[in-house]
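Structure, as structure tokens:
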Amino acid sequence: STRRLLRSDRVLLGVLLVNSLFWFIGGLVQPAINSFGKQQLGMDDGRTSTMAACMGVGIAIGCILAGRLSGHRVRFGLVRLGAWGLLGCLAAVAALGASDLSVIAVERSCWGVLTLLGLFGGLFVVPLNVMLQSRPPSDQKGRMIGAMNLFNWVGILCSAGFFLCAQKVLHSAGWKESWTFAGAAVILLPVALFYRPAEARLE
């Protein structure tokens, strides 16, 4: 019955797939930060973890902000804003890694960029989750949450495979670890350009 619902409701299916892509990006960025901090910048575990923590702080701020801005509507404009913000921040981290700045300068710049990355991630994902929980019929809401979790884990597992392949390509080509962020930005670009569902009012 859930498969039939998704086949008949393309908007809901699209939201489910884009939400899974968000978790793919998240599953890719987390190990990419570790690899970038420890292997490329030569930082210890504590300093690398601080960069990752900045992203977590940003996500919390972004989720609160998305809730305040949404009101009683599912505002997909926030998803588009979040997508462009994510794309820009991912590209910025890649550019910082390719720059000639000192390790300290790159690290401190990444604190701000990764906090913004998390903030835009919160703006991106909150409307998607609201739609997934509000749009299905009452007898399908629990199943839809289960389907969402399944798709999210598929995205995370795919990100692990992508990260391993990216590491092999980067190492064989002699490229820096930060180029993984550029790859994530390219994957997100079609969503930023073409994902345009109509806004919906919550009952």
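Given the DSSP H assignment, sum -39500 (n - 2.57) over each helix run of at least 4 residues in the chain and divide by its residue total; what's the result at 222 nm in deg cm²/dmol, nearest 500?
Value at 222 nm, helices only: -28000 deg cm²/dmol.
One decimal place: the segment residue 61-residue 145 gains 27.9 nm when fully extended, by the rule 0.36 nm per residue minus the C-alpha distance. Take the Cβ atoms of residue 199 and residue 1, set R0 to 22 Å, and the FRET efficiency comes out at 0.20. The dipole here belongs to the chain: it is taken about the Cα centre, uses +1 on the Cβ of Lys and Arg and -1 on the Cβ of Asp and Glu, and is about 760 debye.
What are the lysines whose alpha-carbon lies under 29 Å from the alpha-carbon of residue 38, with same-chain residues fewer than 8 places away excluded? Straight-line reach from residue 38, under 29 Å: 168, 176.
Given 25 °C and 0.890 mPa s, how large is the Stokes-Einstein diffusion coefficient of the range 10-83 in µm²/s, with Rh as the Kirkwood radius over Cα pairs? Please report the intermediate quantities before stating the final value.
Details: Rh = 14.4 Å.
Taking Rh from Cα pairs, D becomes 171 µm²/s.
Multiplying the residue separation of residue 49 and residue 102 by 0.36 nm and removing their Cα-Cα distance gives an extension gain of 17.2 nm. Taking the centroid of alpha carbons for each part, the range 94-129 and the range 1-67 are 12 Å apart. Taking only protein heavy atoms and a 1.4 Å probe, the accessible area of the range 91-151 is 64% carbon and sulfur.
Inter-label distance, residue 154 to residue 172: 2.8 nm, where each label sits 7 Å from its Cα along the C-beta direction. Amide H contacts of residue 202 (H built 1.01 Å from N, in plane; Pro and chain starts excluded): 73, 74 sit under 5 Å, all sequence-distant by 5 or more or on other chains.
Counting pairs of alpha carbon atoms under 8 Å apart in space and at least six apart in sequence, what relative contact order in percent does the chain give?
Values: 271 pairs, mean separation 78.9, N = 203.
It rounds to 39 percent for the chain.
Might you tell me the accessible area per residue for the chain, computed with a 1.4 Å probe and given in Å²?
Values: 10130 Å² over 203 residues.
So the chain comes to 50 Å² accessible per residue, rounded to a whole number.
The values are calculated or read from the model by the stated rules, or taken from the named source; none is laboratory data. Please read these numbers as outputs of a predicted model, since none were measured by experiment. In this analysis, Cβ positions are derived from the backbone assuming ideal geometry, glycine residues included, and neighbour counts consider all displayed protein chains. Please note that ligands, DNA and RNA were not included when accessible areas were found on the heavy atoms of the full protein model with its side chains. Shrake-Rupley method; radii C 1.70, N 1.55, O 1.52, S 1.80 Å.
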